[in-house]
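Heads up, the thing below is written out as structure tokens.
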Amino acid sequence: MIKSFYLRVVNYDRESRKLLEMIGRQVRQDARILDVGCGYGRNMDRLLKGGFQNVTGIDINPEIVEANKARGLKCLGVSELDDGIGKFDLLLMSHVVEHFSPLDLKNFIDGYLEYLVPNGFLVIATPLMSEYFYDDFDHVKPYQPSGIMQVFGANKAQIQYYAKNKLVLRDIWFRTGYHRFGFFRANYVKSAYRKLLQLAVFCSALLFFLSAGFIGKKDGWVGVFQKVSVE
């Protein structure tokens, strides 16, 4: 029971609920949704349980695609994405964009926007810079909403390149997280202070949990962008 409570506290997740809420404000439950970089379908499961009826995932890893299909999810490999698949009402990119360099990300988003209906929505969930951002080995760069809009917005910022498709930011939510005390020796090697550090992390997480996520620091964001016509 104590372990269960501990895990509930340190894994307290507000983002998943907020993601569903923000998507639900933009599209109907029969909308065609494409979860880009779906992984093992965590967000697909949540969308389906939330009442969305037409959810498709796509992933670059063929083993993940087959695993999702085996448990009844609609999932595509990247080679299966073509004009015959039709267009979607909403694209979801959850914890995907931070794995790309700037030019590659511009091309990646631009490519998928070709499969989005006019006035359709792109939802991006991504972390901000923090002491644990690079704990994920293949994180390349944190992106802020203002940076996305410099490339995909209508205003011509002084940057190296612009996107073919244009977006308008319609909604945004900034995620908060508890302080994790990342750069301490006890996190990496055996130390007499390991349990003390774990207690400090738990106290930080508990304060965050009891405040329903209000006592913490901003470490990510979810943005809703709408595809607009290029004039």
Just checking, does segment 153-172 include any residue being part of a loop (DSSP other than H, G, I, E, B), of a type in the set (Val, Ile, Thr) and either in contact (Cβ under 8 Å) with a residue 40 or more places away in the chain or surrounded by 16 or more Cβ atoms within 10 Å (Cβ to Cβ) (or both)? no
Could you look through segment 106-116, keep only residues that are free of Cβ contacts under 8 Å to residues at least 60 places away in the same chain and surrounded by 19 or more Cβ atoms within 10 Å (Cβ to Cβ), and pick out the one that is farthest from residue 15 (Cα to Cα)? 106
Return the only residue of 27, 78, 97 being crowded, with 20+ Cβ neighbours inside 10 Å and of a type in the set (Val, Ile, Thr). 97
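Considering only segment 106-133, state which residues are small (Gly, Ala, Ser) and in a helix (DSSP H, G or I). Step through it out loud before you land on a result.
Step one: of segment 106-133, the residues small (Gly, Ala, Ser) are 111, 120, 125, 130.
Answer for segment 106-133, where residues must be small (Gly, Ala, Ser) and in a helix (DSSP H, G or I): just 111.
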Of all residues in segment 134-152, count the ones that are more than 13 Å from residue 96 (Cα to Cα), part of a loop (DSSP other than H, G, I, E, B) and free of Cβ contacts under 8 Å to residues at least 40 places away in the same chain. 1
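Of the residues that sit in segment 173-231 and are part of a helix (DSSP H, G or I) and among the polar types (S, T, N, Q), which one is surrounded by the most Cβ atoms within 10 Å (Cβ to Cβ)? Step through it out loud before you land on a result.
Going through segment 173-231, the residues part of a helix (DSSP H, G or I) turn out to be 185-187, 194-210.
Restricting the remaining residues to those that are among the polar types (S, T, N, Q) gives 187, 198, 204.
Working: 187: 17, 198: 15, 204: 19.
Only one residue fits best here, namely 204.
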All but one of (1) surrounded by fewer than 16 Cβ atoms within 10 Å (Cβ to Cβ); (2) closer than 16 Å to residue 124 by Cα; (3) not small (Gly, Ala, Ser) hold for residue 87; which doesn't? (2)
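Every read-out reported here was derived from the displayed coordinates using simple, explicitly stated rules and does not represent laboratory data. Treat the numbers as computed from the prediction; the structure is a model and nothing was measured. With ideal geometry, Cβ positions are generated from the backbone for all residues, glycine too; neighbour counts draw on all protein chains shown.
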